[in-house]
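A.B. asks: Pasting in a structure now, in structure tokens, and then I'll have a few things to ask.
The values are calculated or read from the model by the stated rules, or taken from the named source; none is laboratory data. Since the structure is predicted, the reported quantities are computational estimates derived from the model, not experimental observations. Positions of Cβ are generated from backbone atoms using ideal geometry, with glycine treated the same way; all protein chains shown enter the neighbour counts.
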Amino acid sequence: MDQDTFDAVEDPADESPTGAGRRRRRLLRRRRAELITTARRSPAENLRHRERVYTWLQLSRLPALLVSAGSYLWLGDWVFSGVLFLISVPLPWIAVVIANGKGEVREKRTRNVYKPQAAREYYAAVDAAEKARLEAPERPELEAGESDIIDHEEDTK
């Protein structure tokens, strides 16, 4: 069988009736799980994950402060209250650091590909669209020479 398979190959020479050789070999054999994909999370998924973590950390700060105050006021337990307070103080900072992180590290084996022709074509199309917009009349429904003035004639009876 292939070397990358998960299951072991049966040895035809191991025909012991008790199966002791098979068990020994199974214990000594190193089982290896294979990675079936190298797919990573997309940058959008990374951003969404970091936003969720940020939200949960920020939302957990207020209940921690309330429980801290409640345990001090009603239970008189200043140790528990102090620990909760000390935990809740750096939560906003931790949330911001996680949210501003880069997410998953980019694999170094992937090539950096820069296609200058594609960039030039894109910017040329943007410039052409902007030029066409600037050269177009402001009110395309009016023909050249027409005005916005409507004459009103009064009846003189």
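A.B. asks: Which condition does Asp77 not pass, out of (1) touching a helix residue (DSSP H, G or I) at 6+ places or on another chain (Cβ under 6 Å); (2) modelled with pLDDT of 85 or more, if it passes all the others?
C.D. replies: Checking Asp77 against (1) touching a helix residue (DSSP H, G or I) at 6+ places or on another chain (Cβ under 6 Å); (2) modelled with pLDDT of 85 or more, the one that fails is (2).
A.B. asks: Got a sec? Which of Val96, Val79 is in contact (Cβ under 8 Å) with a residue 24 or more places away in the chain and assigned to a helix (DSSP H, G or I)?
C.D. replies: Result: Val96 is the single residue among Val96, Val79 that is in contact (Cβ under 8 Å) with a residue 24 or more places away in the chain and assigned to a helix (DSSP H, G or I).
A.B. asks: Being in a helix (DSSP H, G or I) and modelled with pLDDT under 90 is the requirement here; does Tyr72 meet it?
C.D. replies: yes
A.B. asks: Inside the range 70-105, can you point out the residues that are more than 10 Å from Leu57 (Cα to Cα) and either touching a strand residue (DSSP E or B) at 6+ places or on another chain (Cβ under 6 Å) or polar (S, T, N, Q) (or both)?
C.D. replies: Ser71, Ser81, Asn100, listed by residue number.
A.B. asks: Right, here's the next one. If you scan the range 90-122, which residues turn out to be surrounded by 13 or more Cβ atoms within 10 Å (Cβ to Cβ) and among the β-branched types (Val, Ile, Thr)?
C.D. replies: Hits for the range 90-122 are Ile94, Val96, Ile98.
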